[in-house]
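Structure record follows, encoded as structure tokens.
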Amino acid sequence: PKLGRLLLTGAAGGLGRVLRERLAPFANVIRLSDIADIAPATGAHEEIVPCDLSDKAAVDALVAGCDAIAHFGGVSVERPFEEVLEANIKGVFNLYEAARRHGVKRVVFASSNHVIGFYKQSEHIDAHAARRPDGYYGLSKSFGEDMAQFYFDRWGVETVSIRIGSSFPEPLNRRMMSTWLSYRDLTALIEKSLFTPGVKHTVVYGMSANRDIWWDNAAAAHLGFVPQDSSEVFRDKVEAQPPVAPTDPNAIYQGGGFTAQGPFGD
Ligand code: NAI
Ligand code: 15L
């Protein structure tokens with residue numbers, strides 16, 4: 001299957017720059033959007049539409065004419081609430097409201113492990129575990145998942161919320177040996193998320209086939225996502241790093257150091 005026009009928000013970001021190339025085969029046209037500068041279009045299959053996600057009218061115009069949305073834009077780390085509010089909370093409302101108005105049927109939402117970051121690394125959870133956000137950023141992703149559920153229940157807009165672990169070229173530390181998601185597996189998961197029929201609102205953990213995992217994807221089995229990569233090939237390199245103290249949040253919590261951010265501004 002192939003979409004007519006796919007909107008990618010966050011196109012100037014770390015993942016956006018990767019997905020710009022990798023999602024291109026899934027649509028005739030990929031509309032690339034960000035508040036930051038985006039490299040110029042490389043051909044007729046790309047459209048560049050700058051947009052601030054907190055600007056409702058601009059997001060409405062951005063979404064018009066799109067068949068599906070891969071929502072990767074917004075604040076991607078822990079920040080003061082007021083920043084998270086604009087980009088992620090108002091932003092996700094503006095996006096879903098535009099999706100409803102323009103009849104967009106499918107959203108892939110870049111949620112995060114920080115929705116459940118206060119679980120211990122010794123705990124194993126599935127998508128139905130009560131959320132335990134580890135900061136304002138995690139709270140905004142939790143809100144985004146609720147927004148997705150509401151827009152499905154009320155308006156039939158379907159979403160796959162991918163609780164991405166750590167998607168980088170390689171795992172950067174011991175915690176990421178468990179949370180790592182390769183770009184290849186991320187791309188495959190987005191493909192499943194865009195094209196699997198009847199997903200309603202599905203929550204899936206975005207992780208590769210790592211050795212020591214904390215998350216159970218049984219509730220998302222209908223996606224048929226089977227990761228191909230594993231952090232294991234980087235083990236020697238990661239374990240050459242200095243050890244992490246057992247009292248360090250990076251060794252205790254699934255959300256690692258995000259659990260120990262803030263307070264901001266006092
Ligand atoms: P990033 O920070 O590199 O990219 C996010 C992009 O969103 C940036 O280019 C930024 O300019 C844009 N943005 C920020 N505020 C905006 C606004 N008000 N309007 C429009 N655009 C705005 O982050 P990255 O790593 O590429 O992550 C992409 C998405 O995936 C984010 O939503 C992040 O929360 C999520 N994610 C990423 C993970 C990872 O391991 N890379 C892990 C979990 C979630
Ligand atoms: C995230 O949600 C962030 O966007 C990313 O930069 C990483 O910090 C990742 O989580 C992680 O937990 O490793």
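The values are calculated or read from the model by the stated rules, or taken from the named source; none is laboratory data. Because the structure is a prediction, the values reported are computed rather than measured. With ideal geometry, Cβ positions are generated from the backbone for all residues, glycine too; neighbour counts draw on all protein chains shown. Side chains included, ligands, DNA and RNA excluded: accessible areas come from the protein's heavy atoms. Shrake-Rupley method; radii C 1.70, N 1.55, O 1.52, S 1.80 Å.
Under a 1.4 angstrom probe, counting protein chains only, how are L62, L3 ranked by accessible area, largest first?
Details: L62 0, L3 25 Å².
Sorted by accessible area, descending: L3, L62.
Lysines within cross-link reach of K192: Cα-Cα under 18 Å, excluding same-chain residues under 8 positions apart?
Within reach: K2, K105, K200.
Write down the accessible area per residue of the chain in Å², having rolled a 1.4 Å probe over the full set of protein chains. Spell out each step's value before the answer.
Numbers: 11770 Å² over 266 residues.
Solvent-accessible surface per residue comes out at 44 Å².
Quick one: how many Å² of F168 are accessible to a 1.4 Å probe, rounded to 10?
Counting only protein heavy atoms, the figure is 90 Å².
Tell me which GluC sites (Glu not before Pro) from the range 99-188 have a DSSP coil assignment and no more than 14 other beta carbons within 10 Å of their own.
Numbers: sites: E123, E145, E158; in loops: E123.
Those satisfying the criteria are E123.
Considering only R17, R100, R211, give the residue with the highest GNM mean-square fluctuation for the chain, with springs between Cα atoms whenever their separation is below 10 Å.
R211
Rounded to the nearest percent, how much of the accessible area of the chain (1.4 Å probe, protein heavy atoms only) is carbon and sulfur?
Values: 6380 of 11770 Å².
On the chain, the fraction of accessible area on carbon and sulfur atoms equals 54 percent.
In the Gaussian network model of the chain, springs joining C-alpha atoms below 10 Å, which of V29, V204, V77 carries the largest mean-square fluctuation?
Among V29, V204, V77, the largest mean-square fluctuation in the Gaussian network model of the chain belongs to V77.
Over the heavy atoms of I35, what accessible area does a 1.4 Å probe trace out, to the nearest 10 Å²?
Its accessible surface works out to 130 Å², give or take rounding.
Students often check this: by mean Cβ neighbours within 10 Å, which of 90-96, 191-197, 243-249, 161-167 ranks highest, and how do the rest follow?
My ranking of the peptides, most packed first, is 161-167, 90-96, 191-197, 243-249.
Ignoring ligands, DNA and RNA, how do K237, K56 rank by accessible area with a 1.4 Å probe, largest first? Working shown, then result.
Details: K237 130, K56 105 Å².
The ordering from most to least exposed comes out as K237, K56.
With a 1.4 Å probe and all protein chains kept in place, how do E239, E47 rank by accessible area, largest first?
E239, E47
Solvent-accessible area of D153, probe 1.4 Å, all protein chains present, reported in Å² to the nearest ten, please.
Here the residue's solvent-accessible area equals roughly 110 Å².
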